[in-house]
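Engineer: Handing you a structure now.
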Amino acid sequence: MTPRIEIDTVTKYFGTKLVLDRVSLSVARHEVLCLIGASGSGKSTLLRCVNRLIAQDYGTIRLDGVPIDDPVFGKTGLQQRAGIVFQAYNLFPHMTVLDNITLAPRRVHGLPRPEAEARGHEMLARFGMADFARAYPEQLSGGQQQRVAIARALMTRPDVLLLDEITAALDPELVGEVLAIIRGLKDEGMTMMIVTHEMGFAREVADRVAFLSEGAILEQDTPERLFGSPQEPRTQAFLRRIIASGRL
Amino acid sequence: MTRPASAQGGQTERARRGPPPPPPKQGFDWRAAALPSAIGATSIAVVFGALAWIVTSADQWPRIKAQFFSLEAMVAAFPRVLQGFWVNIQVWLTVLACILAWALVLAVVRSLRAPWCAPFRLMVVIYIDIFRGVPVLLLVLLFGFGIPALNLPGLPNSGLFWGGVAMVLSYAAYVAEIYRSGIDAVHEGQRAAAKSLGLSEWQTLRHAILPQALRNVVPALMNIVVALQKDVALLSVIGVRDAVREAQIYTASTFNYSSLIVAAGLFLLATIPMARLADYLTRRDRMRRLQMAA
Ligand SMILES: Nc1ncnc2c1ncn2[C@@H]1O[C@H](COP(=O)(O)OP(=O)(O)OP(=O)(O)O)[C@@H](O)[C@H]1O
Ligand SMILES: [Mg+2]
């Protein structure tokens, strides 16, 4: 079966700096892939390439076998099918929660406002945010904002969700509520690429973990094997540092 | 230890009694406030009184008073100067609306990032360089006298119209740069979020970036609004009968300058409240930023 996401020898430079070095990865339907690696190793860049926030210099990324720059996706088809959530939530501060999550369905996908809002209320209720439809982002806690950001990414019913360190900006006591949502999405069979520093969480939800170092995939394996018996010296060193900082 | 011997007993007691009532509202304490206020008022009276005394006791004061502060001349000139000031207000509001709109067009074109927009971006850059580099007064003269003299068919012929156009073209160059600084100040993550949702570049600007950018630049715009209110008087050089022009006409026939003081008073009456409003908005904006940073 064709993988849902197929990243094929993708290379990306920022100026003369090599940020992604011939990365090849694939994610099957309903699979959860966790990307780990040191700061600056290119994890965010890889996710941004997958939903075309930036364009890779070489290589191909395919969604269900179709290159993501293929005309069949039109202008917005890819964004409809692959949602992304950022570390800093990036909600629009001048819009209510409901307007934030219905903006794309209404403006991009032409859904009439009543239907978009009905879908929005449904989505907020699902994430325990039903009472906050009319609130502004600054009135919410970090965890609540991140739940809204996840809801916003799910509004177009994407096939793939890309999560970039979505708990890294949260106070420790708020991390749990966001991770619970991700667990729920996994149970529903959502295909996800998750960049995370929460190794415990990666171990729990990932079907596969890939270790990125200086823009290259050094190794990828099941969480048991990658965390239990990493093969590469650099993976071992990275995990030792993580353990030393008490995050495994 | 100063806490009750049994911590548990203390807690149940606290729960039973509930929290203490809110402290009584502090009334305004006249006695505490009186002395500093009195000192302030006295020192103001002394300093300004001394200045007034020095000025009015000068040998030339009667002449100065008759030339600039003649109540009689002021009363006589007032109706016409006020009428002229009404022209100032109308021109100011019309020109302001045009500036805000035209500058927005310039700023939006300049911030579009699509490659095919490059020639238009360049045009805007050149436009801004030119119109910021030439004095407004010169533009007003050039447009207000020059274009009506051409007698172009189908175009308005009034100096007022073309003088106003000159002000719009000039001020819009500054305002466009203010808008642009507001656009640049919106965090890159906002663009990324909008783009990731599939919004086109124009939709991203319209729905995500501009509303935030405009809110960022309100204080800076307020200062432009105040400056423009005064600069409308430049149109008097091309014969527009605004407050300054009317005051000058009066001066020319009577050799008394009190009418100009009347015009100055009218300008102050209009700009001082706006300057205060600008200060207030700037302060509020700073508070908002501080809160957001915290
Ligand atoms: N827009 C950009 N322009 C230039 N260099 C960039 C840009 N974005 C990222 N980089 C560089 O690319 C490298 C990889 O960045 P990336 O954000 O993908 O790392 P990361 O693995 O996500 O790190 P972190 O864990 O800190 O988020 C870094 O060295 C970074 O400085
Ligand atoms: Mg990152």
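Engineer: Residue by residue through region A:149-163, which ³J(HN,Hα) values in whole Hz follow from phi under the Karplus form 6.51 cos²θ - 1.76 cosθ + 1.60 (θ = phi - 60°), with glycine and proline marked x?
Structural biologist: Along region A:149-163, the couplings run 4, 5, 4, 4, 5, 8, 4, 8, 6, x, 8, 9, 10, 10, 10 Hz.
Engineer: Given a 1.4 Å probe and the protein chains all in place, what does the accessible area of B:MET287 round to, in Å² to the nearest 10?
Structural biologist: Approximately 120 Å² for this residue.
Engineer: Report, as an integer, the average count of C-beta atoms from other chains found within 10 Å of each Cβ along A:90-100.
Structural biologist: Across the residues of A:90-100, the mean count of other-chain Cβ atoms within 10 Å is 4.
Engineer: Something else about it: Given the -39500 (n - 2.57) contribution per DSSP H run of 4+ residues, what per-residue ellipticity at 222 nm results for chain A, rounded to the nearest 500 deg cm²/dmol?
Structural biologist: -10500 deg cm²/dmol
Engineer: Before anything else, pin down the relative contact order of chain A: Cα pairs under 8 Å, at least 6 apart, normalised by residue count, whole percent.
Structural biologist: Across chain A, relative contact order equals 27 percent.
Engineer: While we're on this one: With no solvent and one point on each alpha carbon, what is the Debye value of log10 I(q)/I(0) for region A:107-238 at q = 0.11, 0.15, 0.17, 0.19 Å⁻¹?
Structural biologist: The Debye formula, applied to the Cα set alone, gives -0.49, -0.81, -0.97, -1.12.
Engineer: Computed from the mean reciprocal separation of all distinct C-alpha pairs, what Kirkwood hydrodynamic radius does region B:77-293 have, in Å?
Structural biologist: Every distinct Cα pair counted, the radius reaches 19.4 Å.
Engineer: Taking the Cα centre of chain A as origin and charging only Cβ (+1 Lys, Arg; -1 Asp, Glu), how large is the dipole, in debye to the nearest 20?
Structural biologist: Taking the Cα centre of chain A as origin, the dipole is about 340 debye.
Engineer: Additional query: For the pair B and A, how large is the buried accessible area, both sides, in square angstrom to the nearest 100, if the probe is 1.4 Å?
Structural biologist: 1600
Engineer: Hey, another quick one. Positive end of the dipole of chain A, charges at C-beta (+1 Lys, Arg; -1 Asp, Glu), about the Cα centre: which of A:GLN231, A:ILE84, A:GLY74 has its Cα farthest in that direction?
Structural biologist: Looking along the dipole axis, the top candidate is A:GLY74.
Engineer: Give the average, rounded to an integer, of partner chain Cβ atoms located within 10 angstrom of each Cβ in B:206-215.
Structural biologist: Taking all residues of B:206-215 together, the mean is 3.
Engineer: In peptide B:186-193, how many Cβ atoms from other protein chains are near each Cβ within 10 Å, on average?
Structural biologist: Mean partner shielding for this stretch: 5.
Engineer: Sorted by accessible area with a 1.4 angstrom probe, largest first, how do B:ASP242, A:ASP70 fall?
Structural biologist: If we order B:ASP242, A:ASP70 from most to least accessible, we get A:ASP70, B:ASP242.
Engineer: Towards the positive end of the charge dipole of chain A, with charges on Cβ (+1 Lys, Arg; -1 Asp, Glu), say which of A:ALA104, A:VAL209, A:ILE7 has the farthest Cα.
Structural biologist: My answer, from the dipole projection, is A:ALA104.
Engineer: Right, here's the next one. Of A:GLY40, A:VAL175, A:GLY128, which is farthest towards the positive pole of region A:5-244's charge dipole, taken about the Cα centre with +1 and -1 on the beta-carbons of Lys, Arg and Asp, Glu respectively?
Structural biologist: The residue sitting most towards the positive pole is A:GLY40.
Engineer: With all protein chains present, calculate the accessible area of B:VAL218 using a 1.4 Å probe and round the result to the nearest 10 Å².
Structural biologist: Near enough 60 Å² of accessible area.
Engineer: A further question follows. Could you sort A:ASP207, A:ASP99 by their accessible area in this structure, using a 1.4 Å probe and putting the largest first?
Structural biologist: Listed by decreasing accessible area, they come as A:ASP207, A:ASP99.
Engineer: Please give the Cα centre distance for region B:187-239 versus region A:7-44, rounded to the nearest Å.
Structural biologist: Distance between centres, Cα-based: 38 Å.
Engineer: Pairs to check: A:LYS75/A:LYS186; A:LYS17/A:LYS75; A:LYS43/A:LYS186; A:LYS12/A:LYS186. Give those whose C-alpha atoms are more than 26 Å from each other in this structure.
Structural biologist: Violating the 26 Å limit, Cα to Cα: A:LYS75/A:LYS186; A:LYS17/A:LYS75; A:LYS12/A:LYS186.
Engineer: At what distance in nm do the modelled label points of B:SER181 and A:GLU214 sit from each other, each positioned 7 Å from its Cα along Cα→Cβ?
Structural biologist: 4.3
Engineer: Kirkwood hydrodynamic radius, computed over distinct alpha-carbon pairs, for region A:64-128: how many Å, to one decimal?
Structural biologist: Computed over region A:64-128, the radius equals 13.5 Å.
Engineer: Given the rule -39500 (n - 2.57) for each run of at least 4 DSSP H residues, summed and divided by the residues of chain B, what is its mean residue ellipticity at 222 nm, to the nearest 500 deg cm²/dmol?
Structural biologist: Estimated from H runs of four or more residues: -25500 deg cm²/dmol.
Engineer: Using heavy-atom solvent-accessible surface (probe 1.4 Å) with all chains present, what is the largest-first order of A:ASP8, B:ASP285?
Structural biologist: The ranking, largest first, comes out as A:ASP8, B:ASP285.
Engineer: Could you name the lysines whose alpha carbon sits less than 30 Å from that of B:LYS65, not counting residues in the same chain fewer than 8 places away?
Structural biologist: Leaving aside lysines fewer than 8 places away in the same chain, those within reach of B:LYS65 are B:LYS230.
Engineer: What accessible surface, in Å², does a 1.4 Å probe find on A:GLU204, ignoring ligands, DNA and RNA and rounding to the nearest 10?
Structural biologist: We get 100 Å² for A:GLU204.
Engineer: Between Rg and the Kirkwood Rh of region B:28-87, both from Cα atoms, what is the Rg to Rh ratio?
Structural biologist: 1.27
Engineer: Further question on the same structure: Using only Cα atoms and rounding to the nearest 10 degrees, what angle (0 to 90) does helix A:233-244 make with the longest principal axis of chain A?
Structural biologist: Once rounded, one gets 60 degrees.
Engineer: Now for a different question. Report, in debye and to the nearest 20, how large the dipole of region A:115-165 comes out about its Cα centre when Lys and Arg carry +1 and Asp and Glu carry -1 on their Cβ.
Structural biologist: 100
Engineer: Give me, ordered by chain and number, the residues 5 or more places off A:GLY59 or on other chains with an amide H under 5 Å from its own placed amide H.
Structural biologist: Those lying under 5 Å, H to H, from A:GLY59 are A:THR11.
Engineer: Now, a different point. Most mobile of B:GLY163, B:GLY198, B:GLY265 per a Gaussian network model of chain B (Cα springs, under 10 Å)?
Structural biologist: B:GLY198
Engineer: Using only Cα atoms, what Kirkwood radius does the protein assembly as shown have, in angstroms?
Structural biologist: 29.4
Engineer: For region A:5-244, which semi-axes, largest first and in whole Å, follow from the square roots of 5 times the eigenvalues of its Cα gyration tensor?
Structural biologist: Whole-Å semi-axes of the equivalent ellipsoid: 30, 22, 15.
Engineer: Would you mind checking which residues have amide H under 5 Å from A:GLU219's amide H? H placed 1.01 Å from N; only 5 or more apart, or other chain.
Structural biologist: Long-range HN contacts for A:GLU219: A:PHE211.
Engineer: Tilt of helix A:113-126 relative to the longest C-alpha principal axis of chain A, in degrees (0 to 90, nearest 10)?
Structural biologist: 60
The values are calculated or read from the model by the stated rules, or taken from the named source; none is laboratory data. Values in this document were obtained by computation on a predicted structure and should not be read as measured data. Quick reminder, even Gly has a Cβ in these numbers, built from the backbone with ideal geometry, and neighbours come from all protein chains shown. Just the protein is used for accessible areas: all its heavy atoms, side chains included, with ligands, DNA and RNA removed. Shrake-Rupley method; radii C 1.70, N 1.55, O 1.52, S 1.80 Å.
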